[in-house]
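A short write-up of the structure that comes next.
The values are calculated or read from the model by the stated rules, or taken from the named source; none is laboratory data. Quick caveat: nothing in here was measured; it's all calculated off a predicted structure. In this analysis, Cβ positions are derived from the backbone assuming ideal geometry, glycine residues included, and neighbour counts consider all displayed protein chains.
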């Protein structure tokens, strides 16, 4: 191969690999587009608290699937060797070896209730895991929508900053042409710098909050990411609060958990009574063997029945334990009434606030329209010389504030919808379906 051919080949390879490297760099530099569904998946995947709940769930699942272990006998195998070291007083003897196998089975009348409580513990563990997952999804959604609202407000401030920059440029030309006084021009400069400062502050706060959000999802806080959350389409929810309470109250996780607690304490009450006052049966069997001058083995078995007496005597520790279990059960029943009452109040609170916040959203939308029209008229009057700069800037600031208030009220509305959906053990989409029916 000639030198010219080698040069052409090297140059071609350089172009090919250089293009691939540039493409890979451009691909790696592109920001991650993060949708709400992606955020949910990452939150579930990387949540330490949820992983701990999953470990507890797997342990309780194993116990519930192996209830036979509660009646499985205890088995012990023992072995040993014995050798007498000879001295002046004792003759030498051959070593002896022993082995024994012991089985023991304890049965009492409260054992079925113990098994029932193990199954209840598994159900509670599943409930806790699902509730933790729903709380994680709800909090992730709240953080996501809050970041979207903050980003949209950042766009509003960016638009205001561009308006002040454009106005400053026009005022500079007017100042150079002698149509604007020095004080008005300085005020225009100050207004432009204030708009830039407000934008920079909110931008820094947004980047910090985005970094915290990414860290919570298990991502690098410095990773370039953009939220794939455009304008959220909102509409008024037509909610029948009484119907929601009747349909969903008993499906709330806290009420189900309390009902499970009542069942557990009821079983514990029966278990304490049956174990403390009912008879218990003990079955045992053993085999032993000794190897010393031949094999000598024995087999034994026994059964015993124990009837407790002290539990029938008032004031004894066993009797106090039985009475205490009865009191714990009664307190759990009373606590259920309190939980149900608070749940009804919570659902009504969120429902009423959703209605009021939607009214606030509609008012703020009208306020934005009003402020937008007022700014257009003020801009025309300012350019024609019929309005001073202070009044013009005030009108523009009112437009920015109106847009901010609208974004905040829309965010509050979304957060309330998420809170009500969580309180009803529904997703936001399922709650929307309820409002359509």
Exercise for the section: Inspect the range 76-95 for any residue being touching a helix residue (DSSP H, G or I) at 6+ places or on another chain (Cβ under 8 Å) and modelled with pLDDT of 80 or more and give the result as yes or no. Expected result: no
Fill in the blank from the handout: Inside the range 345-355, the number of residues satisfying the requirement of being farther than 19 Å from residue 432 by Cβ and loosely packed, with under 14 Cβ neighbours inside 10 Å is 1
Practice task
Answer yes or no: is there a residue in the range 106-115 that is within 30 Å of residue 195 (Cα to Cα) and assigned to a helix (DSSP H, G or I).
Solution key: no
Fill in the blank from the handout: Checked 402, 374 against criteria (in contact with a helix residue (DSSP H, G or I) (Cβ under 8 Å, 6 or more places away or on another chain), surrounded by 17 or more Cβ atoms within 10 Å (Cβ to Cβ) and part of a helix (DSSP H, G or I)); the one match is 402
Fill in the blank from the handout: Picked from the range 152-166 (must be surrounded by fewer than 19 Cβ atoms within 10 Å (Cβ to Cβ) and in contact with a helix residue (DSSP H, G or I) (Cβ under 8 Å, 6 or more places away or on another chain)), the residue nearest to residue 210 (Cα to Cα) is 154
Practice task
Identify, from the list 243, 252, 264, the residue that is closer than 30 Å to residue 360 by Cα and either surrounded by 14 or more Cβ atoms within 10 Å (Cβ to Cβ) or at pLDDT below 75 (or both).
Solution key: 252
Fill in the blank from the handout: Within the range 40-64, the residues that are closer than 17 Å to residue 138 by Cβ and without any contact (Cβ under 8 Å) to a residue 60 or more places away in the chain are 41
Completion exercise
Sole miss for residue 344 among (1) closer than 30 Å to residue 428 by Cβ; (2) modelled with pLDDT under 90 is condition (2)
Practice task
Any residue in the range 120-131 that's without any contact (Cβ under 8 Å) to a residue 12 or more places away in the chain and on the phi < 0 side of the Ramachandran plot: show its pairings with residues that are crowded, with 17+ Cβ neighbours inside 10 Å and part of a helix (DSSP H, G or I) at Cβ separation under 7 Å, as long as the two are six or more apart or on different chains.
Solution key: none
Practice task
Filter the range 196-240 down to residues that are at pLDDT 90 or above and over 25 Å from the mean Cα position of the chain (by Cα), then give me how many there are.
Solution key: 9
Handout entry: the range 181-213: number of residues that are closer than 30 Å to residue 49 by Cβ and in contact (Cβ under 8 Å) with a residue 24 or more places away in the chain
Key = 5
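Say whether the condition of being touching a strand residue (DSSP E or B) at 6+ places or on another chain (Cβ under 7 Å), more than 18 Å from residue 113 (Cα to Cα) and either crowded, with 17+ Cβ neighbours inside 10 Å or modelled with pLDDT of 80 or more (or both) is met by at least one residue in the range 303-312.
Yes, the range 303-312 has at least one match.
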Completion exercise
residue 258 meets each of (1) under 29 Å from residue 406 (Cα atoms); (2) touching a residue at least 24 places away in the same chain (Cβ under 8 Å); (3) more than 19 Å from the chain's Cα centre (by Cα) with one exception, condition (1)
Problem - The lone exception for residue 425 - which of (1) part of a helix (DSSP H, G or I); (2) crowded, with 17+ Cβ neighbours inside 10 Å; (3) touching a helix residue (DSSP H, G or I) at 6+ places or on another chain (Cβ under 6 Å) it fails - result: (1)
Practice task
Return yes when residue 367 is closer than 30 Å to residue 417 by Cα, without any contact (Cβ under 8 Å) to a residue 40 or more places away in the chain and crowded, with 17+ Cβ neighbours inside 10 Å and no when it is not.
Solution key: yes
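One line per residue, one yes/no per condition, for (1) in contact (Cβ under 8 Å) with a residue 40 or more places away in the chain; (2) outside any helix (DSSP H, G or I); (3) surrounded by 15 or more Cβ atoms within 10 Å (Cβ to Cβ); (4) within 43 Å of the chain's Cα centre (by Cα):
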{"residue": "324", "(1), (2), (3), (4)": "no, no, no, yes"}
{"residue": "378", "(1), (2), (3), (4)": "no, no, yes, no"}
{"residue": "393", "(1), (2), (3), (4)": "yes, no, yes, no"}
{"residue": "408", "(1), (2), (3), (4)": "yes, no, yes, yes"}
